[in-house]
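Notes for the one structure printed next.
The values are calculated or read from the model by the stated rules, or taken from the named source; none is laboratory data. Here the structure is a predicted model, which means the values were calculated and not measured. Glycine also receives a Cβ, built like all others from the backbone with ideal geometry; neighbour counts cover every protein chain displayed. The area values use the complete protein model at the heavy-atom level, side chains included, leaving out ligands, DNA and RNA. Shrake-Rupley method; radii C 1.70, N 1.55, O 1.52, S 1.80 Å.
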Amino acid sequence: MYEKFVNNGLKTIYFLPFTVPDDKRMYEQYICFMYTMLFKLGELEIFDAIQCLEETRKRNGNRYWVSMMNECFKEYGDIKESYVDEIYHLLASEKEPFFSLKGQLTFYIDGLLRQKDKDISWEVFTWYKRNFTSELLGIFWEFYCLAIYVNISIEELHRDTKRNQSSLLQYDSMNEMCRVFFADGFLS
């Protein structure tokens, strides 16, 4: 595990042993305890989904459909005919990992919303700025809606320093947030 962390670029790794585990059961209890101390429910599953997407992109030679689509918009006259097939091939290979990431991140954010975590705006914003999770904004409409509400919430927090609470806390799920967004946008 230490080598894996170092290979992933971590420069400092802290370890907090309580005792030297003398049997496997004690070691498993220690890991379960540390898991609850270091990660919120769902975070490791998000990291696993991101790693799966990274592996898919490595298999594809670090080419991915989003960047190819962006190139099409930049150089519209120079689009090669093979781009369409390649974009669809890359999109198909990333479909399952992206849906997995979407599911894990939705579960995690819904959990924050239900817990009424006061720092949800900053936490969701941080997840949005990570590699791969930022791409969800352009793929799934739920994340587009969430991005709008997160930006509004952060602006509110900047303007009203006494408030110190995110307006996102009025929702219990991303689904509810999206229903409100579409009702306001299309039924008004």
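Points to keep in mind about this one:
- Residues being modelled with pLDDT under 85 and open to solvent by 20 Å² or more (accessible area, probe 1.4 Å) - total across the stretch 101-120: 4
- On the stretch given as the stretch 63-100, residues that are among the basic types (Lys, Arg) and modelled with pLDDT of 80 or more total 2.
- One residue stands out among those in the stretch 40-71 that are outside any helix (DSSP H, G or I) and under 16 Å from the mean Cα position of the chain (by Cα): the one that is surrounded by the most Cβ atoms within 10 Å (Cβ to Cβ), which is Gly42.
- Condition met for Tyr144 (open to solvent by 30 Å² or more (accessible area, probe 1.4 Å), hydroxyl-bearing (Ser, Thr, Tyr) and modelled with pLDDT of 85 or more): yes
- Here Ile87 passes the criteria (1) free of Cβ contacts under 8 Å to residues at least 40 places away in the same chain; (2) on the phi > 0 side of the Ramachandran plot except the one numbered (2).
- Listed by first and then second residue, the pairs with beta-carbon distance under 7 Å, at least 6 apart or on different chains, first residue in the stretch 45-62 and more than 17 Å from Thr133 (Cα to Cα), second of a type in the set (A, V, I, L, M) and not in a loop (DSSP other than H, G, I, E, B), are Asn60/Leu90.
- Some residue of the stretch 121-140 being open to solvent by 20 Å² or more (accessible area, probe 1.4 Å), over 18 Å from the mean Cα position of the chain (by Cα) and under 22 Å from Thr56 (Cα atoms): no
- Some residue of the stretch 170-180 being under 20 Å from Asn60 (Cβ atoms), modelled with pLDDT of 85 or more and open to solvent by 70 Å² or more (accessible area, probe 1.4 Å): no
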